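The block underneath contains the structure these notes are about, expressed in structure tokens.
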Amino acid sequence: MSKLCQSACKAARSLLSATAAASSPRTSLLAEGRNAALATLTNLGRKTLPTAYAYSYHHNSSAAAAGWLAAIPAAVYVLQDQEAHAAEMERTFIAIKPDGVQRGLISEILSRFERKGFKLVAIKLVVPSKEFAQKHYHDLKDRPFFNGLCDFLSSGPVLAMVWEGEGVIKYGRKLIGATDPQKSEPGTIRGDLAVVVGRNIIHGSDGPETAKAEIGLWFEPRELVSYTSNEEKWIYGVN
Ligand code: DAT
Ligand code: MG
């Protein structure tokens, strides 16, 4: 986070607690400032003044300053809200292996995760080295197919991804289907799109620990993008 953003957040936190201590209707203040807050966040990211603020700055600088002050607590609220939301959401590592990439199945596979309602938070196309493949599949090092498996994973581009959502680790595996495509149900990715276990086109973490380890192996923390999707309020809800 930039210095500017950090000090804005700090100031905003003091403002928030002061407002809370005075027991004034904080929520309405925050609600009013929500749009302005989004502009503030965007502005902090871009380090430029949005046109509307630049305009009011020239015409009424004290009003503009008041606008900024009102926006900052709400900006922090939105930021904290997003961070808290992202923190509690489960993430899994999904990779389209070289066979899936070469067969032009990227969009077909991505669309299944997307249509379900899961959220893409990281994606990159990489050719892993054999050593990297061995790290990824380290738990299979004693299996007879380990060497061939690592040769295959490092033989071409792999589309590495992190997907986020409630229950995404377990349900991601359901979308993928059984390891052996001969045993995968129709309707699953492997069931519909693959035939043999050695070319089963996709990888998905099999539990919370492996998800964490695999995300850490394939991605730098800064490559994971936390954001609120417009669809979230329609995907999640309790009646
Ligand atoms: P999954 O990919 O479903 O998590 P896994 O972790 O047991 O399955 O194995 C990793 C990969 O190794 C798998 O996607 C394909 C390959 N593999 C597994 N069993 C195999 C076998 N009996 N023969 C050849 N390759 C195999
Ligand atoms: Mg596995």
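Bear in mind that the values in this text are calculations on the coordinates, not laboratory data. Note that the structure is a prediction, hence the values are computed from the model and not measured. Cβ placement follows ideal geometry from the backbone for every residue including glycine, while neighbour counts extend to all protein chains displayed.
Cβ-Cβ contacts under 7 Å between residues 6 or more apart (or on different chains), taken from a first residue in segment 220-236 that is among the polar types (S, T, N, Q) to a second residue that is part of a helix (DSSP H, G or I), are listed as SER226/GLN82; SER226/GLU83; SER226/ALA86; THR228/GLN82; THR228/HIS85. Scanning segment 101-154 for residues that are part of a loop (DSSP other than H, G, I, E, B), of a type in the set (S, T, N, Q) and either away from ligand 1 (no atom under 16 Å from the Cβ) or free of Cβ contacts under 8 Å to residues at least 12 places away in the same chain (or both) gives a single hit, SER129. Counting only residues that are under 30 Å from PRO144 (Cβ atoms) and surrounded by fewer than 16 Cβ atoms within 10 Å (Cβ to Cβ), which one in segment 211-235 is farthest from ligand 2 (Cβ to nearest atom)? The qualifying residue farthest from ligand 2 (Cβ to nearest atom) is GLY216. Taking every residue in segment 191-207 that is without any contact (Cβ under 8 Å) to a residue 60 or more places away in the chain and pairing it with any residue that is among the aromatic types (Phe, Trp, Tyr), at least 6 positions away or on another chain, the pairs with Cβ-Cβ distances below 8 Å are GLY198/PHE145; GLY198/PHE152. In this structure, is LYS174 surrounded by 13 or more Cβ atoms within 10 Å (Cβ to Cβ), outside any loop (DSSP other than H, G, I, E, B) and free of Cβ contacts under 8 Å to residues at least 24 places away in the same chain? Yes, satisfied.
Within segment 194-238, the set of residues being part of a loop (DSSP other than H, G, I, E, B), more than 15 Å from ligand 1 (Cβ to nearest atom) and within 17 Å of the chain's Cα centre (by Cα) comprises PHE219, GLU220, LEU224, VAL225, SER226, TYR227, THR228, SER229, ASN230, GLU231, TYR236.
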